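S.K.: Below you will find the structure I want to go over with you.
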Amino acid sequence: MKTQPAQLPQLLKKSLGPVYLVSGDEPLLVQESCDLIRQTAREAGFHDRVTFHADRQLDWNLVAEEFSALSLFAEKRRIEIHLPTGKLGDGRSVMEQVLASPSEDIVLLLISARLDPAELKRKWYKALQASGVHVVVWPVDSDRFPGWLQQRAQAKGLTLTRGALEILTDRLEGNLLAASQEMDRLVLFSKTGTIDEETVEQAVQNSARFNPFDLVTDILTGKAPSAHRILGALQQEGENPLGLLTVLSRDLNLTLELQRALGRREAAASFLKSHGVFQPQRMKALEQAARRLSAGQLNQAIIRCSDTDRAAKGFGEHTPWFHLRTLSTELSQS
């Protein structure tokens, strides 16, 4: 069956299927749909993951062996196959066999750019529609972008005034990834939850003075003194630490996943791009942290984030800024 990202959460609540194909040219929406499928699969016990990239070097016999080996040992596992060109190519026969009788112990996730129209007529695709779900990601056109932006803000606990929405629409239209990052940044500037024109302009003006994304980069790369300076500026301005915490927690968890992927000899760049990370500076910081820090340090940092969240809500004897400074100091040690 076919569906769209907006309908995917409800489908996953009903049941987890054996096969998913997520395709489209909007990296952010593709990534979020894939993350939702991964989360649902993990909650259902599919913790292990094997990833393949369907480039010219991929030996599809190895893919076939992975499926047959798993059926022998009955391990619950996720198998992800990235299709950067939107075509299966030499993998069609393998997918036909897999999709003819999907295993109960495997969740297959195919991640593709916009699917080549010719593939829609292939035998493998018809088998996928019979046993799985195709999540079709379409671009957000200009007419729908303001509504999408407002919904994105509401998901972050923000309300955009008409003027703020017009400014952001003009600046961000056509770039969903930048729009998502801007929402994360505006959380730091919101004291009431309402974002007006003045707040948007203030965020732009102050971005050169302190930037939460630069702060997270400093923390991941072990630059504690610089991180402490930015934290001090944020605290002095009376900013809400929870917005920063959202960005930091996301990247710490992603670093831990990347570390595990490197242990499986996955390429860092491929892994990060498959998770929606394309900015060179952020990619470099995440990879450096994954290689520099131990799993114990990263897990401790994630626990420290929980302490920060509790402190921001009035629990514990320390302030959230104390925990954030301590976290940045701990991650500077390697």
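S.K.: For the structure I just gave you, tell me whether Glu119 is in a helix (DSSP H, G or I), acidic (Asp, Glu), under 20 Å from Gly24 (Cα atoms) and more than 24 Å from the chain's Cα centre (by Cα).
M.R.: In short, yes.
S.K.: Quick check on Gly314: is it farther than 22 Å from Lys223 by Cα and either within 15 Å of the chain's Cα centre (by Cα) or not hydroxyl-bearing (Ser, Thr, Tyr) (or both)?
M.R.: For Gly314, the condition - farther than 22 Å from Lys223 by Cα and either within 15 Å of the chain's Cα centre (by Cα) or not hydroxyl-bearing (Ser, Thr, Tyr) (or both) - is met.
S.K.: Somewhere in the stretch 314-333, is a residue closer than 26 Å to Ala155 by Cα, among the charged types (D, E, K, R) and surrounded by 17 or more Cβ atoms within 10 Å (Cβ to Cβ)?
M.R.: No, there is no match, as no residue in the stretch 314-333 is closer than 26 Å to Ala155 by Cα, among the charged types (D, E, K, R) and surrounded by 17 or more Cβ atoms within 10 Å (Cβ to Cβ).
S.K.: To continue, here is another question. Please work out which residue is farthest from the chain's Cα centre (by Cα), limiting yourself to the stretch 42-69 and to residues that are aliphatic (A, V, I, L, M) and assigned to a loop (DSSP other than H, G, I, E, B).
M.R.: Leu58
S.K.: I've got another one for you. May I ask you to verify whether Gln39 is out of contact with any strand residue (DSSP E or B) (no Cβ under 8 Å at 6 or more places or on another chain), open to solvent by less than 30 Å² (accessible area, probe 1.4 Å) and either basic (Lys, Arg) or in a helix (DSSP H, G or I) (or both)?
M.R.: Answer is no for this residue.
S.K.: Of the residues Ser103, Ser68, Ser112, only one is over 29 Å from Glu26 (Cβ atoms), surrounded by 13 or more Cβ atoms within 10 Å (Cβ to Cβ) and of a type outside the set (Phe, Trp, Tyr); which?
M.R.: Being over 29 Å from Glu26 (Cβ atoms), surrounded by 13 or more Cβ atoms within 10 Å (Cβ to Cβ) and of a type outside the set (Phe, Trp, Tyr) holds for just one of Ser103, Ser68, Ser112, which is Ser103.
S.K.: Within the stretch 203-221, is even one residue part of a helix (DSSP H, G or I), more than 30 Å from Ile167 (Cβ to Cβ) and of a type in the set (Gly, Ala, Ser)?
M.R.: So far as the stretch 203-221 goes, no, none of its residues is part of a helix (DSSP H, G or I), more than 30 Å from Ile167 (Cβ to Cβ) and of a type in the set (Gly, Ala, Ser).
S.K.: Which of the residues that make up the stretch 317-330 are charged (D, E, K, R) and either touching a helix residue (DSSP H, G or I) at 6+ places or on another chain (Cβ under 6 Å) or within 19 Å of Leu220 (Cβ to Cβ) (or both)?
M.R.: If the condition is that a residue be charged (D, E, K, R) and either touching a helix residue (DSSP H, G or I) at 6+ places or on another chain (Cβ under 6 Å) or within 19 Å of Leu220 (Cβ to Cβ) (or both), then Arg325, Glu330 are the ones that fit.
The values are calculated or read from the model by the stated rules, or taken from the named source; none is laboratory data. What you see is a predicted model, and the numbers here were worked out from it, not measured in a lab. Cβ: placed from backbone, ideal geometry, glycine included. Neighbour counts: every protein chain shown. Heavy atoms of the whole protein, side chains included, go into the accessibility calculation; ligands, DNA and RNA do not. Shrake-Rupley method; radii C 1.70, N 1.55, O 1.52, S 1.80 Å.
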